[in-house]
Structure formats: structure tokens, C-alpha cells
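Structure first, commentary second.
What follows draws every value from the coordinates through simple rules; no lab data is involved. Since we're looking at a predicted model, the values are computed, not measured. Reconstructed Cβ throughout: ideal geometry from the backbone, glycine too, with neighbour counts over all protein chains shown.
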Amino acid sequence: MLGQSDSLDCIGLAALLIPALAEGMVEQIPQYTLLDWGCIAYLGVFGTVLGFVWYYEGIKALGPTKAGQFINFVPVCASLLAKTNQRRHPWVIMPGRGTPPTATSV
């Protein structure tokens, strides 16, 4: 039986696969180079698997409350990094900029 996480994974797969198929992904697969496959594997292993493993180890080491406080500072750090790189702030992170001080003071 599928759990909630599995159901959400299936929704995410459909949300990404449908446009990819519409753009001709299947026809392009034979054209992928070894470098392309290496980049996909790198993103899968380091960006996803290793990132989540370290994320859960951090929660286990710090506890959920402290880990939650650090997670709330991600939008702030992203905004500061964007500012130091002299790039415009993406509109997506703007609502999150005001939440970390209020979320961590509770």
C-alpha cells in the first residue's frame, strides 16, 4: 500500500514527466553523452540522497526544535547571498524573509 510520501512522489513524477514527454524527452535520450548521465547521477546522489541523509542526521543530532530554527534561516541566508552576489531577490523567497525571526521566537 502506498503511503502519503509515495503518493506525493507519484504526483511529482507526473508533474515533471508530462512536460518532459511533451518536449520530446524520449527522442533525446539516445543523444545524451556520458557527461550528461554523469551530471544526472551527480545531482541524484549528492543533491538528493546525500543531502537528505545529512539532513536527517542533523535533525537526529540537534533535535527537531533546534533543527527547525536553523531551517527557518534558509530564506534569510539565500537573500543575503543574493545581495552579496548583487543579484535581484527571487520573488519566491520574499514571503519567507520575514518569518524566521517570528518563527524562532515562539
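For Leu50, indicate whether it is surrounded by fewer than 10 Cβ atoms within 10 Å (Cβ to Cβ) and among the hydrophobic types (A, V, I, L, M, F, W, C).
On the way: surrounded by fewer than 10 Cβ atoms within 10 Å (Cβ to Cβ): no; among the hydrophobic types (A, V, I, L, M, F, W, C): yes.
Judged against the criteria, Leu50 is not a match.
Counting just the residues of the range 43-78 that are of a type in the set (Phe, Trp, Tyr) and in a helix (DSSP H, G or I), which one comes out nearest to the chain's Cα centre (by Cα)? Give the derivation first.
Kept after step one, since they are of a type in the set (Phe, Trp, Tyr), are these residues of the range 43-78: 46, 52, 54-56, 70, 73.
So of that shortlist, the ones also in a helix (DSSP H, G or I) come out as 46, 52, 54-56, 70.
Details: Phe46: 12, Phe52: 10, Trp54: 14, Tyr55: 12, Tyr56: 14, Phe70: 16 Å.
If we take residues in the range 43-78 being of a type in the set (Phe, Trp, Tyr) and in a helix (DSSP H, G or I), then Phe52 is nearest to the chain's Cα centre (by Cα).
Out of Ile40, Ile29, I need the residue that is in a helix (DSSP H, G or I) and surrounded by 11 or more Cβ atoms within 10 Å (Cβ to Cβ). Which one? Full working, then the answer.
Working: Ile29 fails: surrounded by 11 or more Cβ atoms within 10 Å (Cβ to Cβ).
From the options Ile40, Ile29, the qualifying one is Ile40.
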